[in-house]
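Written out below as structure tokens is the structure these notes cover.
The values are calculated or read from the model by the stated rules, or taken from the named source; none is laboratory data. Just so it is clear, the model here is predicted, and its values are computed rather than measured. Cβ placement follows ideal geometry from the backbone for every residue including glycine, while neighbour counts extend to all protein chains displayed.
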Amino acid sequence: MLNGKVAIITGGSRGIGAAITYKLASLGADVAVIYAGNKDAAEAVCDRCKAEFGVKAEAYLCDVSDFGAVKETVVRIKADFGAAHILVNNAGVTRDGLAAMMREEDFDKVVDTNLKGAFNMIRHVTPLLLRSKEGCIINISSVSGLMGNAGQSNYSASKAGLIGLTKSVAKEYAAKGIRCNAIAPGFIKTDMTEAHADNPLLSMIPLGKMGDVEDVAEAVAYLIGAKYVTGEVLRVDGGIAM
């Protein structure tokens, strides 16, 4: 399905990002994995992609909130892969706290990584997508960006902003054959959600359970293949935000 395609995945060394990377590699895509700190984890993901799926896979250390660093990293990806067809903006952080007591640096860190980081990637990867004369951008948002979540004003704001970014980019890029969609996961079993295991919202999930990282990866694969879908926000949340 994706043989000959190159996918760039941010936050691809663990959790949802790793699951997305494995899924796209299993479909034949070569993968560029961007990570923020854990080199061993990122290289382990790449090693599995090469060994199990026979694709090209490289890891790149990059702080996606840094405009210049993203530009340099995309230059390296172009040199290594020659092209790009798919961009998955998955990198994200949390710095939870009540708005009335939140530190400025905690608000800035979350917005800079989750929202500005996606913009930085889109901005610098766009020339590669245009050169390929096709493209698919998928931004990993959250149901927190749709319905809010107490104690996560920074995170919810960043994820809501990501939805606005998605829709604007979808309208700007449609004429160039580049689609842009978002996925809004609910409670997915990852290291990041372990701290919320006792959240009362879990009892409100109609399907009665948390999701798996593979559920989000399947949604990414669907949107890559959905050639007539753009500007959409696909919830993967067990029904909690319907």
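Filter region 203-242 down to the residues that are surrounded by fewer than 17 Cβ atoms within 10 Å (Cβ to Cβ) and of a type in the set (K, R), then identify the one that is farthest from I183 (Cα to Cα). By that ranking, first place goes to K209.
Within region 132-186, the residues that satisfy the criterion of being surrounded by fewer than 17 Cβ atoms within 10 Å (Cβ to Cβ), part of a helix (DSSP H, G or I) and of a type in the set (A, V, I, L, M) are M147, A174, A175.
If I filter region 26-44 down to residues being surrounded by 16 or more Cβ atoms within 10 Å (Cβ to Cβ) and in a loop (DSSP other than H, G, I, E, B), which single residue comes out as nearest to the chain's Cα centre (by Cα)? Filtering region 26-44 for residues that are surrounded by 16 or more Cβ atoms within 10 Å (Cβ to Cβ) and in a loop (DSSP other than H, G, I, E, B), the one nearest to the chain's Cα centre (by Cα) comes out as A36.
Evaluating N199 against the criteria (1) in contact with a Phe, Trp or Tyr (Cβ under 9 Å, 6 or more places away or on another chain); (2) free of Cβ contacts under 8 Å to residues at least 40 places away in the same chain; (3) within 15 Å of N90 (Cα to Cα) leaves one unmet condition, (3).
Just so you know, in region 71-99 the residues that are in a strand (DSSP E or B) and touching a strand residue (DSSP E or B) at 6+ places or on another chain (Cβ under 7 Å) include one that is surrounded by the fewest Cβ atoms within 10 Å (Cβ to Cβ), and it is I86.
Looking only at region 166-187, decide whether some residue is closer than 19 Å to G11 by Cα and polar (S, T, N, Q). Looking for residues that are closer than 19 Å to G11 by Cα and polar (S, T, N, Q), one finds at least one in region 166-187, hence yes. Within region 198-242, the residues that satisfy the criterion of being assigned to a loop (DSSP other than H, G, I, E, B) and among the polar types (S, T, N, Q) are N199, T230. Filtering region 45-70 to residues that are surrounded by fewer than 18 Cβ atoms within 10 Å (Cβ to Cβ) and without any contact (Cβ under 8 Å) to a residue 24 or more places away in the chain leaves D47, K50, A51, G54, G68, A69.
For region 63-77, the criterion of being touching a Lys or Arg at 6+ places or on another chain (Cβ under 6 Å) and among the hydroxyl-bearing types (S, T, Y) is met by at least one residue. Listed conditions (1) of a type in the set (S, T, Y); (2) touching an Asp or Glu at 6+ places or on another chain (Cβ under 9 Å); (3) over 18 Å from N90 (Cβ atoms) are all met by T166, apart from (3). Being under 17 Å from the mean Cα position of the chain (by Cα) and either farther than 23 Å from L87 by Cβ or modelled with pLDDT under 95 (or both) holds for only one residue in K189, K167, and it is K189.
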